[in-house]
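A short worksheet on the structure shown next.
The values are calculated or read from the model by the stated rules, or taken from the named source; none is laboratory data. Keep in mind that what you see is a predicted model, and the values were worked out from it rather than measured. In this analysis, Cβ positions are derived from the backbone assuming ideal geometry, glycine residues included, and neighbour counts consider all displayed protein chains.
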Amino acid sequence: MKSFFTRIFTAIMAFWTMVFGFLFHNGSDKPEPTPEPEPTSSVVQLTEREQEMADFEAAVVGSGVFENTWQTALPQTKIYNLIRGHFTSPLPAGKTKKKVLVLGYDGCRADLFASVATAQNSAVRTLLDNGGHAVLSYAGGVNYPAVNTQATSTAPGWCSMLTGQWADVHGIYNNGVAKSNDHLTLLTTLVQDGLADSTAYYVSWDGHFIGANTTYINEKTFVETQGMRWSFPTRLTTTAQRRMRLPI
């Protein structure tokens, strides 16, 4: 039989065990304080490249010149299809002959082209005012469904427009290379196929066909050998360049 003091001591210990257990239990369940959220800024910082693209898009869209956006730009190879499609489509009512003028501002970005198109006495403005259309396209090849890229230089770009193919087909990846005649340009095939009576190629850059290792020197020789009606004036005249607002 336990003594009176033993029972009192046991009761006191049980009490303190209960108290400490209660305190410990409640302390372990106490939720951690929620940290204050970090202050955020509503200003989005753009990288230099992102800012350049934003300025580019604003200039292009704001010009009101183009019928599409840079996100829906067409590959420059489509220009071949547009021109050939024009010559193979029925003749419009009241017209007796089909004509095409391909006017190129080499190295001119779309935002600068927009300013050219709105300049007074601009040849581009005249075309747009008389039924012309301005559509954005892109150079440099494609990344999908397979990587097939080329330099965004003069020769590859023009060759893609005039043959309807990227460099993996026409073989011109950069300037200073003579194209083979395996893939002729529109200037030749339109005459060959009887769709055009004649064609002419006016340039302000010698690298197209003036001299050795120029892009179309082999095709120029072929055309001249065949006696086809495709003329190669050596250069645009100063007057013509001024009328098109080209650097002289």
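Numbers at a glance
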| quantity | calculated |
| --- | --- |
| Test: residue in the range 71-86 that is exposed (fewer than 12 other Cβ atoms within 10 Å of the Cβ) and at pLDDT below 85 | yes |
| Flag if SER180 is polar (S, T, N, Q) and exposed (fewer than 15 other Cβ atoms within 10 Å of the Cβ) | yes |
| Selection within the range 211-238 - modelled with pLDDT of 85 or more and under 29 Å from the mean Cα position of the chain (by Cα) | ASN213, THR214, THR215, TYR216, ILE217, GLU219 |
| When residues of the range 45-88 are limited to those that are of a type in the set (D, E, K, R) and touching a helix residue (DSSP H, G or I) at 6+ places or on another chain (Cβ under 7 Å), the one nearest to ALA119 (Cα to Cα) | GLU57 |
| Positions within the range 117-157 being surrounded by 13 or more Cβ atoms within 10 Å (Cβ to Cβ), among the small types (Gly, Ala, Ser) and touching a helix residue (DSSP H, G or I) at 6+ places or on another chain (Cβ under 9 Å), in sequence order | ALA117, SER122, ALA123, GLY132, ALA134, SER137, ALA139, GLY140, GLY141, ALA151 |
| Selected residue (criterion: farthest from ASN81 (Cα to Cα)) from residues of the range 180-201 that are in a loop (DSSP other than H, G, I, E, B) and hydroxyl-bearing (Ser, Thr, Tyr) | SER180 |
| Residue satisfying condition, being within 25 Å of GLY107 (Cβ to Cβ) and buried (at least 20 other Cβ atoms within 10 Å of the Cβ), within set TYR216, TYR173, TYR202 | TYR216 |
| Sole exception among (1) among the polar types (S, T, N, Q); (2) at pLDDT 85 or above; (3) within 30 Å of the chain's Cα centre (by Cα) for GLN241, by number | (2) |
| Matching residues in the range 168-198 - criterion: being over 26 Å from LYS99 (Cα atoms) and touching a strand residue (DSSP E or B) at 6+ places or on another chain (Cβ under 7 Å) | ASP168 |
| Helices (runs of 4 or more DSSP H) contained in the range 64-179 and holding at least 1 residues more than 21 Å from the chain's Cα centre (by Cα) | 78-88, 123-129 |
| Members of the range 158-167 found to be buried (at least 21 other Cβ atoms within 10 Å of the Cβ) and either farther than 11 Å from THR77 by Cβ or touching a residue at least 60 places away in the same chain (Cβ under 8 Å) (or both), listed by number | TRP158, SER160, MET161, LEU162, THR163, GLY164, TRP166 |
